[in-house]
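The next block holds one structure in the form of structure tokens; read it before the comments.
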Amino acid sequence: MTTTTPGTAQVELAIGGMTCASCAARIEKKLNRMDGVEATVNYATEKAKVTFSADIPVADLIATVEATGYTAAEPEPPKAETPGESGPSDEEKADEELRPLRQRLVTAVALAVPVIAMAMVPALQIEYWQWLSLTLAAPVVTYAAWPFHRAAWTNARHGAATMDTLISVGTIAAFLWSLWALFFGTAGTPGMTHPFEFTIARTDGAGNIYLEAAAGVTAFILAGRYFEARSKRKAGAALKALMQLGAKEVTVLKGGREVTVPTAELQVGDRFLVRPGEKIATDGTVVEGSSAVDASMLTGESVPVEVGVGDSVTGATLNAGGRLVVEATRVGADTQLARMAKLVEDAQNGKAAAQRLADRISAVFVPIVIALSLGTLGFWLGTGEGLTAAFTAAVAVLIIACPCALGLATPTALMVGTGRGAQLGILIKGPEVLETTRKVDTIVLDKTGTVTTGRMTLLKVHTAAGTDETDVLRLAGALEHSSEHPIAQAVATGAAAKVGTLPVPEDFANIPGLGVQGVVDGHAVLVGREKLLEEWAMSLPASLKAAKDAAEKAGKTAIAVAWDGEARAVLEVADAVKETSAEAIRRLRALGLTPILLTGDNQAVAEAVAAEVGIDEVIAEVMPQDKVDVVKKLQGEGRSVAMVGDGVNDAAALAQADLGLAMGTGTDAAIEAGDLTLVRGDLRAAADAIRLSRKTLGTIRSNLFWAFAYNVAALPLAAAGLLNPMIAGAAMAFSSVFVVGNSLRLRGFQAADQ
């Protein structure tokens, strides 16, 4: 528990027992009814973030949740691992939590398949097939379907009806009626078969069993719940990926000695060593050495930052240059990395959970069906038809409403849609994601790694009069190849790609903060800042000076090259725009979306990139927390915002956005925080992802309509007592076939460039 403003406190509760988004809404509603309490409940993360008056005991909050029918507890603090020992991994814990559901699913599928086969294939109806069906179906309806019955009972106690209610009532009704028909009717007679003729006539139902409906619906719904649960368990992976970015161990300087300790033991004021290629353990100030630090993972800056004595550095960034000694200024929860993790979590908790379409429909459909069933029972009893006929008609109403096709409506469309998406490099996390895609009107694009390649690239070579470009690349590339600086490596890579194998320098020296110098093929070569040349009494000629100024004005890095006492060239290095980005922007506009470029880079770089790809609105020089604020501001203006990003610095904004699209070439934190993952790393896939998601959502909606429509059409026959097994089976089977066929149409979806 933490104290916020005076007189208030904040606590995060772990919630258990939720089965759908409506459960989260119910808990949230109950908590917010308490005086002085403001709560947000997230179904995906299974957490409730509660701000409350300090005089309210946390136990009262937990009691309110428990009174609503769910469990609540304060999360246990993380346990420190003993060296040499390790507890179960996160994957093992998640697998352990999913095991009961997986066991129920396996049981249901294994037993339901033969029950359905015997009911639908007359050749399989052996002499005692109905009793074999009962033996197989009983564990499915009791053990496998128990979570639905438990949730239905919990909802009923609080006057609510959801998908669970419909499943529980329908399966129990079908099973109990089958029991009655087998033991007290004529369905248990040896040699009984289901008559397969379309005759509309009143029957007493004594020879009808519906075990295949009870078992099949349970298996279908369990399959959907299992895969949904697997996806939901990954909701917290963005936070884990963020925290795993940090260094696990650090070399601390104590009394002139180097001591390796866990990063968690660092204290403010400790001095620690950071070697080239190592991650900086925590936020601090450089007290010795100089280097280039790659902070792109956290800040979005594409250009490495030169640091020296007195400069601040951030934990989890990479030392790409020389040896550094850093004095820790912030540790633990105070570091920028920890604050970013908190931003992601807050964004996830504050994001309104999309209520599933089936639950919204069920909330109306279930009470209507139950009321119609009771009305049917009362009507036939009032007409003097007798208890058996009245009860047959009433139960038939419940059976025909049992959601066979409803169990397939969302999973099949999602399965086909996501399968087709995977072929096109698009991963859709779940059905709740699809609802947002049709609403978004603004798309915010991170620059580095999304619109651009995210890598420093040699873009252009400007040469002085009489200088050959090949000579520039060969000599400069050879010298830069010996440097570990990221910009130097970009020059070396670009040079090698154009001139082939580079010569080996005969002499090499790194000049911190300025560049490199050495001897290549007998030439004394300088490569670096203009100031490095000035120290050797050399100046750039007018043409190269103009090229350098123009490059820097456009946000590019300009590198001067000289040899044998004369300035020869200027190299332009920058984060190159992807070839497909401009086309992607045109496609996004065609979908009715307004693109905005958002970046941590400077304004000049951002505007140059935006102009190249056709974006009018630019928001530059923003830190990670500012990215979240930008998304919130746009949402506050009434816009529905999609966000595309690839870095850790984008994770919180991706979680905050109405729709998060993560580039699959990016970090785990960004991918886990996003709703859609673009595996190809091609921004054109963003437009395809939104089109496919909208089409999949439309298919789910039409599936849901027809899943109910077929059953509703048969309800009058059931209420009239004119329902026979063939009509019931045909209505259920045809609605299921239609739903599957409608979903399979998604296989024909084509990317715009195909």
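See the values below:
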quantity: Members of the stretch 597-651 found to be assigned to a helix (DSSP H, G or I), without any contact (Cβ under 8 Å) to a residue 24 or more places away in the chain, within 26 Å of ARG691 (Cβ to Cβ) and not aliphatic (A, V, I, L, M), listed by number; calculated: GLN635
quantity: Filter result for the condition that a residue is touching a strand residue (DSSP E or B) at 6+ places or on another chain (Cβ under 6 Å) and open to solvent by 20 Å² or more (accessible area, probe 1.4 Å), over LYS460, LYS498; calculated: LYS460
quantity: Verdict on ASP629 being open to solvent by 30 Å² or more (accessible area, probe 1.4 Å), of a type in the set (Asp, Glu), more than 30 Å from LEU533 (Cα to Cα) and modelled with pLDDT of 85 or more; calculated: yes
quantity: Residue list for the stretch 159-172, filter: at pLDDT below 80 and either open to solvent by 10 Å² or more (accessible area, probe 1.4 Å) or part of a helix (DSSP H, G or I) (or both); calculated: GLY159, ALA160, ALA161, MET163, ASP164, THR165, LEU166, ILE167, GLY170
quantity: Any pair with Cβ under 8 angstrom, 6 or more apart, that starts in the stretch 95-106 at a residue that is without any contact (Cβ under 8 Å) to a residue 24 or more places away in the chain and ends at one that is open to solvent by 60 Å² or more (accessible area, probe 1.4 Å); calculated: GLU96/PRO88
quantity: Flag if LYS556 is in contact with an Asp or Glu (Cβ under 9 Å, 6 or more places away or on another chain), at pLDDT below 90, surrounded by fewer than 24 Cβ atoms within 10 Å (Cβ to Cβ) and within 28 Å of LEU634 (Cβ to Cβ); calculated: no
quantity: Residue within the stretch 510-520 that is open to solvent by 50 Å² or more (accessible area, probe 1.4 Å) and assigned to a helix (DSSP H, G or I) present; calculated: no
quantity: Residue check, PRO100 buried (at least 18 other Cβ atoms within 10 Å of the Cβ) and either in contact with a helix residue (DSSP H, G or I) (Cβ under 7 Å, 6 or more places away or on another chain) or in a helix (DSSP H, G or I) (or both); calculated: no
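The values are calculated or read from the model by the stated rules, or taken from the named source; none is laboratory data. Predicted, not measured: the structure shown is a model, and the values here were computed from it. Virtual Cβ from ideal backbone geometry, glycine too; neighbours counted across all protein chains shown. Keep in mind that these areas ignore ligands, DNA and RNA; they rest on the heavy atoms of the full protein, side chains included. Shrake-Rupley method; radii C 1.70, N 1.55, O 1.52, S 1.80 Å.
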